[in-house]
1. Tell me, VAL225, VAL143 in order of fewest to most beta-carbon neighbours within 10 Å?
2. Which residues in the range 235-276 place their backbone N less than 17 Å from a point set 7 Å from the Cα of ASP284 along the Cα-to-Cβ direction?
3. Can you sort SER45, SER116, SER263 from fewest to most other Cβ atoms within 10 Å of each residue's own Cβ?
4. Run the quick spin-label model on THR220 and GLU24: label points 7 Å from Cα toward the beta carbon, then report their separation in nm to one decimal.
5. If you take every DSSP beta bridge whose two residues both sit in the chain, what share of them, in percent to the nearest 5, is antiparallel?
6. May I ask which of LYS11/LYS68; LYS68/LYS223; LYS127/LYS195; LYS124/LYS198; LYS127/LYS198 have a Cα-Cα span longer than 32 Å here?
7. For a quick check: sort HIS98, HIS151, HIS115 by the number of other beta carbons within 10 angstrom, fewest at the front.
8. Please work through the chain and write down the cysteines that have no neighbouring cysteine Cβ at a distance under 4.7 Å.
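No lab work stands behind these numbers, since they all come straight from the coordinates. Everything quoted here is computed from the prediction, not taken from an experiment. Here the Cβ is made from the backbone with ideal geometry for all residues, glycine too, and neighbour counts use every protein chain on show.
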Amino acid sequence: MSEAIENLNIKKLGFGLMRPPMIEGEVDVEQVKKMVDTYMSKGFSYFDTAYVYLGGKSEELLKEAVVKRYPRESFQTADKLPIWGECNSYEDMERIFHESLQRTGLSFFDFYLLHSLDQENYRKTEKLKAWDFVADLKKQGKVSHMGFSFHDNAELLDEILTAHPEAEFVQLQINYVDWENDVVQSRKCYEVARKHNKPIIIMEPIRGGALAEMTPDIQTLFKEVNPDASIASWAMRYAASLEGVLTVLSGMSDREQMEDNCSYLENFEPLSEREYQTIGKAVDILNSLPTIPCTACQYCVDGCPMNINIPGIFDVANFRTRYNNLAISQKRYTGVIAERGAAADCIACGACESHCPQHIAIIDELSEITKLFA
């Protein structure tokens, strides 16, 4: 790790403000304040937000729950500059940055990230000279440490870190399911960051909440090794056990999740060899589950008279099979069918099946999915 960041002594739990508790569509600010109090009392101090989270309400939440209530030197803040959408010039970047400062009530950010770099967003940062923009903010004392969050392959990550050694840290999606995933490439990206000697901030350690429940057989596997540990703790400790990790972000949505995370990360102990082996067995179980072999090629969609997003629905069904997380599955399903046909709308015309390269019995699968999400 770079010496300046390492000397901050940040503990292994970062408070992500992307998924706060809500009441009737509004942030439950009072509950968040209590969560912040618990978090700070245990010695944690890193708060993560972004310009786009909750349409700006996440940054305002940071102000109300933290900035107004605690001395500035007692916590660190991380905010992010979105390169997509309305950000198309130096003036746009400057406006967005100052809006973030105003919303949060801060005069500077400890960590400032170019948000969600992939091939397209990275090329745009080059075009806009966004790296120079953030470097200038650092020279002005408005940013203490500059870096970026990343969503692409390891080859691109290596290209970025080679071209921009001024990046002091990188934020990566890492969890035990995505470690060998061919798309996310958690392990490969981690190894690239380590090669460049960059501190790593981990996002999605519980894969958006998916790894907090799991199937009954995996729950039994975990409980046999550690009966008192929550299912989510296995994922959090897996991420926190990696060398070179500055902190692990958790988008805690209630006080129970906060208290659980604090219980095993306050005095953090890395995973034992037996625990690593147990996680390996859990991944083997996940990979053996009978999921629908859809490759999302979209061939089935074009001829569907009911405009059903068949690959999207199959993806949700596979998610439910793999992680046994009913609440998140239902939310995802509702999103997939919001402006498209539902599984129950299938009229069994067969147009989809005649175009499927995988020869999936799509009509039967949609019928079964209808029962799951009735």
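1. The fewest-first ordering by Cβ neighbours comes to VAL225, VAL143.
2. Answer for the range 235-276: 273-276.
3. Listing SER45, SER116, SER263 from fewest to most nearby Cβ atoms yields SER263, SER116, SER45.
4. Result: 4.5 nm between the two label points.
5. Working: 2 of 33 bridges.
Roughly 5 percent of the beta bridges in the chain run antiparallel, per DSSP.
6. Working: LYS11/LYS68 22 Å; LYS68/LYS223 41 Å; LYS127/LYS195 27 Å; LYS124/LYS198 23 Å; LYS127/LYS198 24 Å.
Where the Cα-Cα span goes over 32 Å, the pairs concerned are LYS68/LYS223.
7. On the way: HIS98 11, HIS151 20, HIS115 23.
Taking fewest neighbouring Cβ atoms as first place, the list is HIS98, HIS151, HIS115.
8. CYS87, CYS189, CYS262, CYS294, CYS297, CYS304, CYS346, CYS349, CYS356
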